[in-house]
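Reviewing the structure listed below.
Every number here is computed from the coordinates shown, using simple stated rules; none is lab data. Note that this is a predicted model, so its numbers are computed, not measured. Every residue, glycine as well, gets a Cβ built from its backbone with ideal geometry; the counts of neighbours run over all protein chains shown.
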Amino acid sequence: MGVPCVTTKYLVSSMSKITLTNGKTVTKPFNKIWIVVAVVALLLYLFSLLIPFDSSTVKLEELKVILIKMFTPKGNRTWEDYFKYLLKLKNPLIDTLNMSFAGTIIGSLMALPLAVLAAKNIVKKPYIYIPARTIMNLFRTIPAMVLALIAVFFVGIGVLSGIIAITLFTFGIMSKMLYEVIETVDMNPFEALESTGATKTEAFRYAVLPQVTPVFVSYLIYIFEINVRSSTILGYVGAGGIGSVIKDNILYNYDRVGASIILMFVVVLSVQLLSSFLRRRLQ
Amino acid sequence: MIKFVDVSKTYPNGVKALHGVNLEIKDGEFVGIIGLSGAGKSTLLRSINKMISITSGKLYIDDVEISSIKGKELRMLRRGIGMIFQSFNLVKRMSVYNNVLTGRVAYHPTFKTVFGLFPKADKLMALESLDTMGILDKAFTRADQLSGGQQQRVALARALTQKPKLILADEPVASLDPITTVQVMDDFAKINRDFGITVIANMHHVDLALKYATRIIGIKEGEVVYDGDSKSIDDETLVQIYGRSLRHDEVLGE
């Protein structure tokens, strides 16, 4: 009847039962993903009922006004002032990059021993890896902003509190990501090292570390990228850097806020490009 | 000399892997262990360097009873025993040379080896082992770039660098093709002959075991059912070890 002849022609008699031409049948199991999709859709609908939405409060003109305020010089200032101000931001920018860099390195190095203690395949004792995991989960529940607030209490306003916040934040995520990598490592070389009479430390150094190092470095670069972004916000609670500049000007000098945002945009973009380039080279 | 006296091993899950094993293996022997999968071959082999601890009986290596030793003493025992694995167990991302050098780790204090500090003599030893195995030209290649046969030779070089008296091989050729298998088995024969190193190997292919080993130990359900010269073994004995006649995949068939 004009239907092309296919060797494995089959009839779909129902959603799940497939009959081959030779009479054999196979039953395709119900895909549970549809339950998940339905639940998510339902929740999304229910939550949307909770959001008051009034189209009269949306003022697109206001958005236009603030964008113009931010990206043009204010009052009697000239464009020259605007760009000169960008150069003046050099020092707070260095502060921002400084706290991201120092925090990433210190936090990552601190995470390494904790990640080892949390890895079930290396430390087989639950009374060690369970507390280790609890510590890292604890640090991960605290947002970087809150860490910075607490740090400001202890060491006062400035870059140091930013470094402490970034360090603890990095420590929390790096230890979690790293222990998961350690647990997926090929343990056969570890067994081989132990069979040569090496201690567990030595076996870890020679059999596990070489497998973990490239991933560790890749995560390090990625977390640095995240930290550059979040450290701009930290200035808001007193941790110094670009964030404090934005905070100081947000009420009166929109143009200066705009300049800071442009600068951060360029810096974050460069860090991202550099990060993805370096991480690709590590593969 | 290795001596098993009434050795048994029961795993925590209740599986009896070895049952009343008595054996004596002299220095310089080439022993092939044959038997069905799950017969206890691997457990027997791994009990010798205590990668698996026996549950009863006594096991002597050069008159030292090893079932009670631990810590430093155990590591001293292990560094004199090379071990070869079915899946080579090399650190894939590391160079061949660095893999072989790990055979010397147990000879030095941790604070030195952790920083990768090895005496010049050890570095030379590693390169010489690679030369013995005929892969010196691959020394600075990453281990995962080599073929299976070459990787097993690197593993052998690592074992040789330990300067062992004994090499344990757990299915050393099971993941190699037939031609490479013969080459690697020749390497074992060479090591056994030229350096007088005792070789104990578990083997899946019976004909290979009969060809290379001078002595065959047949294991069935955790017990030694045959122990003797590889030349005097006949089909009837093999049926006794395997409980049936051999399948074609249990002989290499040359």
How do A:V40, A:V155, B:V154, B:V100 rank when sorted from fewest to most other Cβ atoms within 10 Å of their own Cβ? A:V40, A:V155, B:V154, B:V100
In whole angstrom, the spacing between the Cα centers of region B:169-205 and region B:54-124 equals 20 Å
With eigenvalues of the C-alpha gyration tensor scaled by 5 and rooted, region A:73-282, Å: 42, 19, 11
Can you give the extra length, in nm with one decimal, that the chain gains between A:K124 and A:V268 once fully stretched, where that is 0.36 nm per residue apart less the Cα-Cα distance? 47.7 nm
Net charge contributed by nearby residues that have their C-beta within less than 14 Å of A:P126 (K/R +1, D/E -1): +4
Given points 7 Å out from each Cα along the Cα-Cβ axis, report the B:K163 to B:S8 separation in nanometres with one decimal. 4.1 nm
Span from the region A:130-164 Cα centroid across to the region A:46-125 one, whole angstrom: 17 Å
How would region B:32-130 be classified by its alpha-carbon gyration tensor: rounded, prolate or oblate, with rounded meaning a/c under 1.5 and the a/b versus b/c comparison settling the rest? oblate
Out of all DSSP beta bridges in the protein assembly as shown, what portion is antiparallel? Express it as a percent rounded to 5. 60 percent
Ranked by GNM mean-square fluctuation in chain B (Cα springs under 10 Å), the top entry among B:L117, B:L59, B:L101 is B:L117
Checking the cross-link filter: which lysines have an alpha carbon closer than 21 Å to that of A:K176, excluding same-chain neighbours under 8 positions apart? A:K120, A:K124, A:K125
Pop the C-beta distance of B:E24 and A:E180 into the FRET formula with R0 = 45 Å and round what comes out to the nearest 0.05. 0.40
Which whole-number percentage describes the relative contact order of region B:33-118, with Cα contacts under 8 Å and a sequence gap of 6 or more? 16 percent
For helix B:148-161, report the angle its Cα long axis makes with the longest principal axis of the Cα atoms of chain B; keep it between 0 and 90° and round to the nearest 10°. 80 degrees
Put in order of increasing Cβ neighbours within 10 Å, starting from the fewest, A:L147, A:L20, B:L36 give A:L20, B:L36, A:L147
List the relative contact order of chain A as a percent without decimals, with contacts defined as Cα pairs under 8 Å and 6+ residues apart. 21 percent
So B:Q145 and B:L124, fully extended at 0.36 nm per residue minus their Cα-Cα distance, gain in nm 5.3 nm
Cut-off is 10 Å between beta-carbons; in what order do A:S231, B:S67, B:S232 appear when sorted fewest neighbours first? B:S232, B:S67, A:S231
Can you name the helices of chain A, as whole DSSP H runs, whose Cα span along the helix axis is 15 Å or more and whose Kyte-Doolittle mean is not below -1.0? A:33-50, A:60-71, A:90-118, A:126-141, A:144-155, A:159-183, A:209-234, A:254-282
Given points 7 Å out from each Cα along the Cα-Cβ axis, report the A:L251 to A:M187 separation in nanometres with one decimal. 6.0 nm
Choose one answer from A:D186, A:D255, A:D54: the residue with the largest mean-square fluctuation in a GNM of chain A with alpha-carbon springs under 10 Å. A:D54
Defining a contact as two alpha carbons under 8 Å apart and six or more residues distant in sequence, what relative contact order in percent does region B:157-199 show? 52 percent
Computed FRET value (nearest 0.05) for A:T201 with B:L136, which takes r as the C-beta separation and R₀ as 25 Å: 0.25
Connecting C-alpha atoms closer than 10 Å in a GNM of chain A, tell me which of A:G103, A:G156, A:G75 has the biggest fluctuation. A:G75
Would chain B count as rounded, prolate or oblate if I go by the C-alpha gyration tensor, calling it rounded below 1.5 in a/c and otherwise prolate when a/b exceeds b/c, oblate otherwise? oblate
The simple spin-label model distance between B:D177 and B:K58, using points 7 Å out along Cα→Cβ, in nm, is 5.0 nm
Potential lengthening between A:N137 and A:V217 on full extension [0.36 nm per residue; Cα-Cα distance subtracted]: 26.6 nm
Once Lys and Arg get +1 and Asp and Glu get -1 on their Cβ, which of A:G240, A:G103, A:Y129 lies farthest toward the positive end of the dipole of chain A? A:Y129
